[in-house]
Amino acid sequence: RKEVEQDPGPFNVPEGATVAFNCTYSNSASQSFFWYRQDCRKEPKLLMSVYSSGNEDGRFTAQLNRASQYISLLIRDSKLSDSATYLCAVNPNQAGTALIFGKGTTLSVSS
Amino acid sequence: DGGITQSPKYLFRKEGQNVTLSCEQNLNHDAMYWYRQDPGQGLRLIYYSQIVNDFQKGDIAEGYSVSREKKESFPLTVTSAQKNPTAFYLCASGDGYNQPQHFGDGTRLSIL
């Protein structure tokens, strides 16, 4: 099993739709999780951090399910500007190591 | 403004040539990282450094070298031993355990 897995998509949704992505991780000791947004040919930018059960920021909600070892990102009322690739990152809970990134899920919002 | 600066934005390498990518941060972060991203692929870790004068190999270190002589700087050299260097190179820094990483805007490297 890969350490961090994401459905690559693409997810094609109309404006105003609600869409959710999942990210599964293999290391049960992981303590912190992050969602990044990456636009085409740009660097990833931090969208949300998830340290406990979840986090909400406007139209975006991230949730953590430790029992099933996945985190999810919910986007409500999708906008055209939400079109991007969403990367999940997991801290492997070992001091002195780097985040492990999934390959990303591509979202395309159309009018 | 605080941030991570990568230069150059675009770089072209000739066969057999070593090239160095610059990464500077003024966020006072202890940890710095280099990733490679190929089209349609995720981020692959090349090297990382938790403190000055110390660094560790990531998943794809062969053909690359780094140094960490200053906290603010973590240059990456792509050597001639790296036979397929064309990619988007991303530098990141972080403020410690369980904290997110923040990225520079990347360098695109191509072979002439």
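For this structure, a couple of remarks:
Results for (1) of a type in the set (S, T, N, Q); (2) modelled with pLDDT under 95; (3) more than 26 Å from A:R37 (Cβ to Cβ), shown as yes or no for each residue.
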| residue | (1), (2), (3) |
| --- | --- |
| B:R13 | no, yes, yes |
| B:I46 | no, no, no |
| B:V66 | no, no, yes |
| B:K71 | no, no, yes |
| B:L76 | no, no, no |
| B:P85 | no, yes, yes |
| B:F88 | no, no, no |
| B:A92 | no, no, no |
| B:T107 | yes, no, no |
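- Candidate set from region B:73-112 (those that are hydroxyl-bearing (S, T, Y) and not in a strand (DSSP E or B)); member that is nearest to the other protein chains (Cβ to nearest Cβ): B:Y97
- Region A:20-31: number of residues that are crowded, with 19+ Cβ neighbours inside 10 Å and either within 12 Å of chain B (Cβ to nearest Cβ) or touching a Gly at 6+ places or on another chain (Cβ under 7 Å) (or both): 2
- Matching residues, region B:43-61, being of a type in the set (S, T, N, Q) and closer than 22 Å to B:N84 by Cα: B:Q56
- The set of residues from region A:54-81 being part of a strand (DSSP E or B), farther than 18 Å from B:N98 by Cα and either modelled with pLDDT under 95 or facing chain B (nearest Cβ under 10 Å) (or both) comprises A:E56, A:D57.
- Filter pass, B:P39 being closer than 25 Å to A:T85 by Cα and away from chain A (no Cβ under 12 Å): no
- Among residues that are within 14 Å of chain B (Cβ to nearest Cβ), in contact with a strand residue (DSSP E or B) (Cβ under 7 Å, 6 or more places away or on another chain) and touching a residue at least 40 places away in the same chain (Cβ under 8 Å), A:V109 is not included.
- Qualifying residue in region A:32-53 (condition: away from chain B (no Cβ under 14 Å), modelled with pLDDT of 95 or more, under 11 Å from the mean Cα position of the chain (by Cα) and surrounded by 13 or more Cβ atoms within 10 Å (Cβ to Cβ)): no
- Close pairs (6 angstrom Cβ cut-off, 6 or more residues apart or separate chains): on the phi > 0 side of the Ramachandran plot in region B:61-73, assigned to a loop (DSSP other than H, G, I, E, B) anywhere: B:G63/B:T79; B:G63/B:A81; B:G63/B:Q82
The values are calculated or read from the model by the stated rules, or taken from the named source; none is laboratory data. Note that the coordinates shown come from a computational prediction; the quantities given were computed from them, not determined experimentally. Every residue, glycine among them, receives a Cβ derived from its backbone with ideal geometry; neighbour counts consider all protein chains shown.
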